[in-house]
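First comes the structure, then the notes that go with it.
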Amino acid sequence: MFSFSTIFSSVEQGIIYAIMALGVYLSFRVLDFPDLTVDGSFVTGGSVAATMIVLGYNPILATCMAIVAGFIAGCITGILHTKGKINPLLSGILMMIALYSINLRIMGTSSSTSVGRPNIPLLNSETILTKFIHFWQPLGIDQWLNHVIGLIGVQNIPTTWGIAILMLIITLVIKLITDRFLQTEVGLALRATGDNQRMIRSFSANTDSLIILGLGISNALVALSGALIAQYGKFADINLGIGMIIIGLASVIIGEAIFGTKTVVRTTFAVIVGAIIYRVILGLAFQINILDTGDMKLITAIIVTLALIIPKILEKRREKRRKAKRYADRMSQMLVKKEDDHIAPPRTD
């Protein structure tokens, strides 16, 4: 039996991971750039935020610095590709590898006795989430919501709804900013660069700068997600970003398969919902007794594979139905024409 608390926890995490998925959408879909920096910049965001929080800095400032660090990492990947003429895939791999050591160094600064540190606990530290909960709990909204949910017979109700609501607000604000940005002159140039670099160059646009900017913004969003996940889970770890690019792609693919990609606003909404659906599927899968946390990568691979194959199968079936309908229409028109020719009176002239 799947509990409500499991689904709710998955939705909470899905909302946070949706920010990372938006970053992946910018690099993979808008720029058409296979950026593997994501696995490293996600950890960079978490390590910068956790280190600064442990050192006594304001968690909001720590989160903002995580965004800056992610932006710098993305820009370096863009510079490696555009100025160094390195293959896009290899540029991301090089930066991802470099960030592994950099992240160890960043987390090592939280301790005077350690050069490199693989993880930082935040159990007793004040984070953005704990700050918000201190503001949220006296409002009494949790009690009211739990009372309403309890009336319909739902059990295992979460202790607080504040984190989910805060993350939802942050994610929606980022979505609106992303939508607005992609509709500006720079955003349209960015989209055109991903579609056809030669064409946009013919209009005297600097595609190198656009690629660097796009990758910087993409990894800034990824780093923000990493910083929030570190504060949500109360720890930052060097292995936190392993497979993050696959999670981002799964979110994008699932969302696009369900909602389509007709407009930017619709697509970014699809990415957010896709991230939530992915986490819910993952959470429910772990409720099956034969699966454990070690099977996470296998489950992810299966989800992505199904998300890629099923839409193609459905599209082929729809295309067959359309062809059959067109064939039936042509046959009916031919029959009507033959009947008209047969009924028509013979000519006398």
query = Which semi-axes, in whole Å and largest first, does the equivalent ellipsoid of the range 112-188 have when worked out from the alpha carbon gyration tensor as the square roots of 5 times its eigenvalues?
reply = 31, 27, 12
inquiry  = Suppose we take every Cα in the range 3-121 and form the convex hull; what volume per residue is that in Å³?
reply    = 126
note = In whole percents, the bins of 10 Å from zero upward hold the Cα-Cα pairs of the range 143-186 as 24, 29, 22, 16, 8, 1
inquiry  = Over the Cα atoms, compute the radius of gyration (one decimal) and Dmax (the largest Cα-Cα distance, rounded to a whole number) for the range 118-269, in Å.
reply    = 20.1, 63
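Counting only C-alpha contacts under 8 Å and six or more residues apart, can you give the relative contact order of the range 29-88 as a whole percent? List each step's numbers first, then the result.
Numbers: 39 pairs, mean separation 21.6, N = 60.
Averaging sequence separation for qualifying contacts and normalising by length gives 36 percent for the range 29-88.
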message = Let me check something: with ligands and nucleic acids excluded, how do Leu221, Leu306 order by accessible area (1.4 Å probe), largest to smallest?
response = Leu306, Leu221
remark   = Candidate cut points under chymotrypsin sites (Phe, Trp or Tyr not before Pro) in the range 186-271, DSSP loop plus at most 10 other Cβ atoms within 10 Å of their own Cβ, are Phe203
request  = Skip the ligands, DNA and RNA, and give the accessible area per residue of the chain with a 1.4 Å probe, whole Å².
outcome  = 53
Contact order relative to length of the range 104-191, as percent, for alpha carbon pairs under 8 angstrom and 6 or more apart = 17
query = According to the Cα gyration tensor, what semi-axes, each the square root of 5 times an eigenvalue, does the equivalent ellipsoid of the range 164-229 have, listed from largest to smallest in whole Å?
reply = 28, 13, 7
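Got a number for carbon plus sulfur as a percent of the range 187-270's accessible area, 1.4 Å probe? Present the calculation step by step, with values, prior to reporting the outcome.
On the way: 1980 of 3300 Å².
Carbon and sulfur: 60 percent of the exposed surface of the range 187-270.
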message = What FRET efficiency comes out for Tyr100 versus Ala301 if R0 is 22 angstrom and r is the Cβ-Cβ distance? Round to the nearest 0.05.
response = 0.45
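Which whole DSSP H helices in the chain pass both tests: a Cα extent of 20 Å or more along the axis and a mean Kyte-Doolittle value no lower than 0.0?
4-25, 38-54, 59-82, 88-108, 162-182, 207-233, 244-259, 264-285
Compute the Rg to Rh ratio over the chain from the alpha carbon atoms, using the Kirkwood formula for Rh, and round to two decimal places. Please report the intermediate quantities before stating the final value.
Numbers: Rg = 25.4 Å, Rh = 22.5 Å.
Ratio of gyration radius to Kirkwood radius for the chain: 1.13.
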remark   = If one builds a Gaussian network model of the chain from Cα atoms under 10 Å apart, the most fluctuating residue listed among Asp35, Asp292, Asp179 is Asp292
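Using the beta-carbon distance between Lys85 and Lys323 and R0 = 30 Å, what value does 1/(1 + (r/R0)^6) give for FRET efficiency, to the nearest 0.05?
Working: r = 46 Å, r/R0 = 1.53.
For Lys85 and Lys323, the calculated efficiency is 0.05.
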task = Using only the C-alpha atoms of the range 204-320, find the volume of their convex hull and express it per residue in Å³.
result = 153
ask   = Going from most exposed to least, what order do Lys175, Lys297 have by accessible area with a 1.4 Å probe?
value = Lys297, Lys175
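Taking 28 Å as the cut-off for C-alpha to C-alpha distance, list the pairs among Lys175/Lys234; Lys175/Lys323; Lys175/Lys316; Lys312/Lys337; Lys83/Lys234 that go past it.
Working: Lys175/Lys234 25 Å; Lys175/Lys323 39 Å; Lys175/Lys316 32 Å; Lys312/Lys337 37 Å; Lys83/Lys234 39 Å.
Correct reply: Lys175/Lys323; Lys175/Lys316; Lys312/Lys337; Lys83/Lys234.
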ask   = Accessible area of Leu215, 1.4 Å probe, to the nearest 10 Å²?
value = 0
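When only Cα pairs under 8 Å and 6 or more residues apart are kept, what is the percent relative contact order across the chain? Intermediate values should be presented prior to the final figure.
On the way: 527 pairs, mean separation 114.1, N = 349.
Normalised by residue count, the contact order of the chain is 33 percent.
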ask   = Label Ile169 and Leu61 with points 7 Å out from Cα along Cα→Cβ: what is the distance between them in nm?
value = 2.3
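The values are calculated or read from the model by the stated rules, or taken from the named source; none is laboratory data. On a predicted model such as this, the values are computed, not experimentally measured, just so you know. Using ideal geometry, Cβ is built from the backbone for each residue, glycine included, and neighbour counts are taken over all protein chains shown. The accessibility values were calculated without ligands, DNA or RNA, using every heavy atom of the protein model including side chains. Shrake-Rupley method; radii C 1.70, N 1.55, O 1.52, S 1.80 Å.
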